[in-house]
Amino acid sequence: MKVCAFWNREVPTRGHHVVPRCKGGQYIAPTCRSCEDSIHKPWMHNELRDTFNTVEKIQFDPRFQMFLRWLYKQQKGMVFWTRRSRNRDRQPYK
């Protein structure tokens, strides 16, 4: 187990490209499944590449902050899966 880069708790992690690999991202942060799913829920790959391209920018976004506040209240070691937002644009990758 490693520390998740997004919520600083020791949980099972896996590598997550902060900028999606299909968009040229190379930096991999240790990320838990819950955070990774939550990151891909509201943002398209282009937004992750252009705007939310660091761990800090993702952490300080109000949408992710709301998720983190909820996640901190949960029991340690729990992993949650999320569904893609219905409001998210369904444009193909560009």
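The values are calculated or read from the model by the stated rules, or taken from the named source; none is laboratory data. No experiment lies behind these values; they were computed from the predicted model shown. All Cβ positions, glycine included, derive from the backbone under ideal geometry; neighbour counts span all protein chains shown.
Selection of first residues in the range 34-63 that are closer than 16 Å to ALA5 by Cβ and among the charged types (D, E, K, R) and of second residues that are at pLDDT below 90 and surrounded by 17 or more Cβ atoms within 10 Å (Cβ to Cβ), restricted to Cβ pairs under 6 Å at least 6 apart or on distinct chains, gives the following pairs, ordered by first then second residue: GLU36/HIS16. Reported count of residues in the range 1-57, each being surrounded by fewer than 13 Cβ atoms within 10 Å (Cβ to Cβ), within 18 Å of PHE67 (Cα to Cα) and over 12 Å from the mean Cα position of the chain (by Cα), is 2. Filtering the range 64-94 to residues that are under 13 Å from the mean Cα position of the chain (by Cα), aromatic (Phe, Trp, Tyr) and at pLDDT 85 or above leaves PHE64, PHE67.
Can you pull out the residues in the range 18-33 that are assigned to a loop (DSSP other than H, G, I, E, B), under 12 Å from ALA5 (Cβ atoms) and among the hydrophobic types (A, V, I, L, M, F, W, C)? Of everything in the range 18-33, those that are assigned to a loop (DSSP other than H, G, I, E, B), under 12 Å from ALA5 (Cβ atoms) and among the hydrophobic types (A, V, I, L, M, F, W, C) turn out to be VAL18, CYS32. At pLDDT below 90, acidic (Asp, Glu) and farther than 12 Å from VAL18 by Cα, is that true of ASP61? Judged against the criteria, ASP61 is not a match.
Check whether at least one residue in the range 2-10 is outside any strand (DSSP E or B) and touching a Pro at 6+ places or on another chain (Cβ under 6 Å), and report yes or no. There is at least one residue in the range 2-10 that is outside any strand (DSSP E or B) and touching a Pro at 6+ places or on another chain (Cβ under 6 Å).
So for the range 49-58 (the condition being more than 23 Å from GLN75 (Cα to Cα), in contact with a Pro (Cβ under 8 Å, 6 or more places away or on another chain) and at pLDDT 90 or above), does at least one residue qualify? Within the range 49-58 (the criterion being more than 23 Å from GLN75 (Cα to Cα), in contact with a Pro (Cβ under 8 Å, 6 or more places away or on another chain) and at pLDDT 90 or above), the answer is yes, since at least one residue qualifies. For the range 18-48, enumerate the residues that are more than 17 Å from TYR72 (Cα to Cα) and in contact with a strand residue (DSSP E or B) (Cβ under 6 Å, 6 or more places away or on another chain). Hits for the range 18-48 are VAL18, GLY25, ILE28, ALA29, PRO30.
Listed by first and then second residue, the pairs linking a residue in the range 13-24 that is over 12 Å from CYS35 (Cβ atoms) to a residue that is among the polar types (S, T, N, Q), with Cβ atoms under 9 Å apart and 6 or more places separating them unless they lie on different chains, are GLY15/THR31; HIS17/GLN26; VAL19/GLN26; VAL19/ASN53; VAL19/THR54; PRO20/ASN46; LYS23/ASN46.
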